[in-house]
Every structure is written in structure tokens, then in C-alpha cells.
1. If one takes the longest principal axis of the Cα atoms in the chain, at what angle in degrees, from 0 to 90 and to the nearest 10, does the Cα axis of helix 612-622 lie?
2. Between the helical axis of 368-380 and the dominant principal axis of the chain, each derived from Cα atoms, what acute angle in degrees is found, rounded to the nearest 10?
3. What number, in percent, do you get for the relative contact order of the range 319-472 if the mean sequence gap of Cα pairs under 8 Å and at least 6 apart is divided by its residue count?
4. Which whole-number percent is the relative contact order of the range 496-633 (Cα, under 8 Å, 6+ apart)?
5. Express as a percent, rounded to the nearest 5, the fraction of DSSP beta bridges in the range 496-633 (both residues included) that run antiparallel.
6. Kindly rank 487-498, 507-518, 149-160 from highest to lowest mean number of other beta carbons found within 10 Å of each residue.
7. Over the alpha-carbon set of the range 408-449, divide Rg by the Kirkwood Rh and report the Rg/Rh ratio to two decimals.
8. Helix 185-195 versus the longest principal axis of the chain: what is the Cα-based angle in degrees, 0 to 90, to the nearest 10?
């Protein structure tokens, strides 16, 4: 089936193939990607769109020495397949298998770890400057999508690169998509460039004609070059990239391998920054993904024949869908509620909100920093902004959240989706640090629901609270609990006691509440009676309850799906220290100070002691001596 692909063990093998064979190889690579992703899920549409582009890059450049930085990194499947990882490709995104993103630890061909967008140009420029400083000689290539250009970091890199004039190649992969269709002026600008591609052809044709004129041809060329800036402005609107110091080449057809190879060979000879504008089609080669690239961005397993996703029937709604439905319900009653997303209307569930309230949904593009300060401006004028941003991506707006929101105590609500362990996307996407990086900010209130019904009430509470509020929830299906018809406001800083016992108090937050209750039931069978608290709030804590429990129960256990460094357990310890209860025995269960790998969420939660059985075993071990004393007494 994969006759050519089976012979490609390294990029050097590509150079033995003819152009026709390279086209056949692209088909075989595309078929392999579709087969593997259909079984285990993954980033499909973005990877199918860059097959030819990747093959052409590896044909021209030697990335065992040259450097390539893939922006975001969710388009590197072809890169992995032709750089010696073909036989391991079936392990994609599985625990212990190859990552869905570039990893320096995985291959000499992965030169920079990525997962968040818009970092490639800055990283590539750093490599180019280091190359020149070390008197070395290699090419540096950054591959960035049109959606990633909406982030300010990309333009910061372009600005510095154009100023320094170092040899650097930026490939702009323009598929008119990020995850969702791109927004803003940059998208329109790129569309204008595509329509104005006659500029480069005209320039080449004119120079060819003038060169052929005896005697005066060369003089006319020199004169023509003095008019070049005016010609550019006529045929390419704005010439933004050239104004920034780059030589613009393109647009180039991104699925024509021969054209790509010629372009890359030409660009390799340039000794200054150049930007190659490549036009591709997201989902190329698989009709369902071409028809709906947003749906097939991060795809679950699917039936190849019809493109239908394979999901369990009758499963509870996801936290994301409950969030979306609740926001619609709240917005119907309050016209001041507006929602903000950073290029993720589908991923955050807000595409449904946009259908009912198109003028109240603002997609700011891949620009979390701008999004948060935009919310701050909205809040100053009496609106009630709700920013739905993945936990890992809110990290990018740390300064804006502190400086532009918390210091002014502005009432914006942040819906932190994908909090905790997210599974196969791995280290760059796990939301394991939000409790830690938010806790230190003044005025902010931090909540996490035990189930999907409590999420609804927390959203209403957040919107009605005159302070910054963050509500974190996991990438998961709900527990299947009944949803209350009427929404209510929760008392700020008040926890919920779910079970009472005198031997140990388990203080759990968010998704960890349910397995903690289950663990307590098993402990009861062993003669250990546990109090279980749904903390609800990380900030402010229910100080009165925690102090009372610490004064009457010999041991406290905190359970959180967050880094133990500075998280919920740390907050409890700080409270006990402030109240002079330093001698209370506290055991914290959470994520240790290490990088959590990619893998199945259930497996990872078990590995880090955050499932029912692990919580049960850890507490049973902690109370082993106490249990012995109880048995002797009985």
C-alpha cells in the first residue's frame, strides 16, 4: 500500500525520488495520517494541509543541520513520519508514544518545542543570531500559519528580524483558517495579497525584457528599480512585510511540490530575511475534513468512509457544552452579558452563543493578552464580559489579568476550560498551573465545580459578583447529574460538607471531589470514617470550616488537579499557619513538580494519584497506624 513511504527512513531518502514520485509519496503520507488519526484522534485538518509543504522543505533543506521551527506544532505529522518516526507513528499521542507536537527530546529534527502559537519567528530569529555569533552556517526556517499572525508576539518577531537583517526564512502557511476562520484586519490583508500576486510576475517579466535591449537595457533596469517601491504599492496592498524588512515571495501554490521546491531553492540563496507566502487548503485530500476543517481540527476517532465521529451513545454532556448552554440562558435575561473568545468559538462552546447573540460574541483571534484587556475596557463601561479561554492559554495573558483587571478590581468573568489534565495534547496543553498563578493576584475569586450542575450556579455567581472571577473546569464529560432548572448564586467563599467522619478530613476541589467521595466510602468499609468537603473556592477559602476541621480532626488531606507548588493545598497550609495551627498534619495530593507527559487522561490521573483508587490507597496508608489502634481497641 505504502510502497514509496516504506522506503523513506530519513529525509535524505526523499532526494532520490522524482517529482512524480514525490506527489505519490504525499498521497501515501496523507493516507497514513488519516488511518492513524481515525483510530485514536488527533489534529487532522491542519496536518493534511501541509503534506506537500513539508516534503518540499525536507527535499531542499537538511534539517539535521538546518533548523525548522513549526509554529503551534499541530501540523508536524508529516515531518515526524519522514524523519525516522514512521514505524512509531501508530503510537501518536499515546502514553509512552510519540508526541503530537515537536519535542527536542524526541528527535534531532525537532529543534524547538511548541504547542502555543506565534512563537516560531522569535525562536527562529534567536537561532539565526546565534548562528552568526558562532560563525556557523545553516538555514533557519519558521513555518507559521495565517491565524498565528493575529498574535502580537509574531509581529514583535517580524519587527526585530526585519531590523537585524539576518538571513532567515519565514513561511506563511495561509489556509484562511486558524482553528476557526481567522478574524481581523490581517486576514483581509492576506486575501488582498493573494489577489495582487501579479506583482512578482510583472517584475520578473519586465526585467527579462529590459535585459534584452542592447546598450541601454541595464541602465533602464537601474532606473526601474528606483520606481520599484511605487510599483509594489500599486500591485500589493500595503506591502506590510516588505515595510517590516522582509523580501516578500508569493503567493505560492502550497500543494504543488515542484513549485514549492523551486521557491525554496531560490529563497535559500538570499542573505536577508524573506517571507514566502504559501496558500494551502486545510484538510486537503480528505473530503470531510476539507468540508469542515474546524470540526476536524482536533478530531476524535472517526469512520474514514463517512467522516462521522465515533462517540459513546448516551454519555453526559461535556462541561464545555453545559457552559455554553448556561451562558445563553443567562444572556437571555441580561443584555449586558457579552462573551469573548481567542480564536476558539467552537472549542469553548461559544459558537452556539454566537448564533443567538451574534453582536455579543467577540472573537479576538489568537490574542489572549488583547482579549483580557479588551474585557477590562468593556467592564469599565458597565458590560459583563465573560472570557472563555483554555487554562493553558490564559497563561499568556498573566500581566494583563494582573495589571489591567485585578489591580482595578474589574468585574470580568473568566471561564477556564481544559483545566487540569487534558490527555493526549500533553505538556503544553495541560491546565495544571492556574490555581497557582491566579492565587497571588489581588481581588480575584477562584472557583471550581464538583459537577456540571454546580458549574451552572458558579457561572451565575461569577457574573453577579463585582470582582474578577475565574471558574475552572475540565475537558471532560459531566457526571450525568440532574441539572437544576433555576440558577442560584452561591455564597462567596463557602464550602460544602458532603460527608462527615472523625478520622480524616478530605478537602477536595473541582473534578477531584467525586473520586474523593468514592474513596471515603471505601475507607468506611475499612473502619476509617472521613469527612469530605467540596471546597468550591480556592480563593477565598472557607476559613471558618477549615479551622474547625483542623481543630477537631487529626489529619487533613487536600486533593487538587493542579501543581502542588502554590496550589489549593498550599493555600490551606498558609491558612493554618496564619491561624497558629502549625502542628496539624496535612497531606497534599496533586501534581508534583515535574512535566506531565501526554497520554490518556484516565491513565494520567491514576499515575499521579488522582483517581478514586489512588486517593483511597494513599489515605489508607497514611492512617495505617491509626487503623491498627482502632482494631486493638475494638
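1. Orientation of helix 612-622: about 50 degrees from the principal axis.
2. Between helix and principal axis, roughly 60 degrees.
3. Working: 288 pairs, mean separation 35.0, N = 154.
Relative contact order here is 23 percent.
4. Numbers: 217 pairs, mean separation 36.0, N = 138.
It rounds to 26 percent for the range 496-633.
5. On the way: 3 of 18 bridges.
Among the beta bridges of the range 496-633, antiparallel pairing accounts for roughly 15 percent.
6. Details: 487-498: 15.1, 507-518: 25.1, 149-160: 20.2.
Per-residue mean Cβ counts within 10 Å order the peptides as 507-518, 149-160, 487-498.
7. On the way: Rg = 12.1 Å, Rh = 11.8 Å.
The Rg/Rh ratio comes out at 1.02.
8. Roughly 30 degrees between the two axes.
Bear in mind these aren't lab numbers, they're just calculated from the coordinates by the rules spelled out. If you're wondering where the values come from, they're calculated on a predicted model, not measured in any experiment. Using ideal geometry, Cβ is built from the backbone for each residue, glycine included, and neighbour counts are taken over all protein chains shown.
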